[in-house]
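The values are calculated or read from the model by the stated rules, or taken from the named source; none is laboratory data. Keep in mind that this is a model prediction, so the values were computed, not measured. Cβ placement follows ideal geometry from the backbone for every residue including glycine, while neighbour counts extend to all protein chains displayed.
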């Protein structure tokens, strides 16, 4: 089955979707990048081109390889263009209702042999698979952000995922040069089950006045040797995504230790979502990020 994956469809041209399209095209796959509008697709292509151009300048990619990879990516604003894809990965916003609507609508446009995957960072693969016409050919393929730089990919089988689907997904990840790890289908899987509660606890420390934004991030960078402080990392991930994952953990595991911090909720309600809105735990509108607390 692995040898049959030649053409990849990616739904969502945002940060994650464009990153997946980037690494797949660079690895020799033909990619169809799908989103709702031409503006989003053009922004996704610009992101891919910008990242690849920086790689060329740093010697991590040749100009010829960049041009070849970009030539393998086509864009489409309808699911019909995904009909010949061997694997389609959904990389839309971390909202179960949105993802379920995508999958329930998508299947009519696909050939029967197409494999389906979600890049969800927390939502049940079994539940998402249940709205499709091929739950046995459905799997979680969770890339880390930023996709071109991060080595790990989590593979998550739903209860109906068959071994051939898992092997095909693993072969695909191997061909990308990434390292797969296998998680059971529990809320937030492995990485975010550990990472997001730590970020949420850092927000509680801020909320309770134990330390400032700068103090918390400095403490974890220098005291725990983290390359990035937890609040800086939350801004990079997106505070709306952090909140969505914590809500999945809280609802799915029914344990109060996963309760989202009220301050995290307040920032999201204010539209302060981190880097993508230029304001989160830091204000990014000037030359240097300034803590907002």
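Quick notes on this structure:
- Residue in the stretch 207-215 that is assigned to a helix (DSSP H, G or I), touching a residue at least 40 places away in the same chain (Cβ under 8 Å), crowded, with 21+ Cβ neighbours inside 10 Å and on the phi < 0 side of the Ramachandran plot present: yes
- Remark: pairs (first residue in the stretch 5-31, in the same structural domain as residue 241 (by TED's automatic domain parsing); second residue assigned to a helix (DSSP H, G or I) and surrounded by fewer than 24 Cβ atoms within 10 Å (Cβ to Cβ); Cβ separation under 6 Å; 6+ apart in sequence or on different chains) are absent.
So that you can scan it fast, the table gives a plain yes or no per residue for (1) outside any helix (DSSP H, G or I); (2) modelled with pLDDT of 95 or more; (3) in contact with a strand residue (DSSP E or B) (Cβ under 6 Å, 6 or more places away or on another chain):
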{"position": "185", "(1), (2), (3)": "yes, yes, yes"}
{"position": "195", "(1), (2), (3)": "no, yes, no"}
{"position": "205", "(1), (2), (3)": "no, yes, no"}
{"position": "218", "(1), (2), (3)": "no, yes, no"}
{"position": "225", "(1), (2), (3)": "yes, yes, no"}
{"position": "233", "(1), (2), (3)": "no, yes, no"}
{"position": "243", "(1), (2), (3)": "no, yes, no"}
{"position": "250", "(1), (2), (3)": "no, yes, no"}
{"position": "267", "(1), (2), (3)": "no, yes, no"}
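- Any hit, the stretch 51-61, residues being closer than 30 Å to residue 243 by Cβ and assigned to a strand (DSSP E or B): no
- Single residue of 59, 50, 44 found to be more than 21 Å from the chain's Cα centre (by Cα) and assigned by TED's automatic domain parsing to the domain that holds residue 177: 59
- Total residues in the stretch 76-99, condition in contact with a helix residue (DSSP H, G or I) (Cβ under 9 Å, 6 or more places away or on another chain) and in a helix (DSSP H, G or I): 6
- Within the stretch 252-265, being touching a residue at least 40 places away in the same chain (Cβ under 8 Å) and either over 23 Å from the mean Cα position of the chain (by Cα) or assigned to a helix (DSSP H, G or I) (or both) holds for 252, 253, 257, 258, 262, 263, 264.
- Of the residues making up the stretch 161-177, those that are surrounded by fewer than 18 Cβ atoms within 10 Å (Cβ to Cβ) and farther than 15 Å from residue 136 by Cα are 170, 171, 174, 175, 177.
- Filtering the stretch 62-75 to residues that are part of a strand (DSSP E or B) and farther than 25 Å from residue 113 by Cα leaves nothing.
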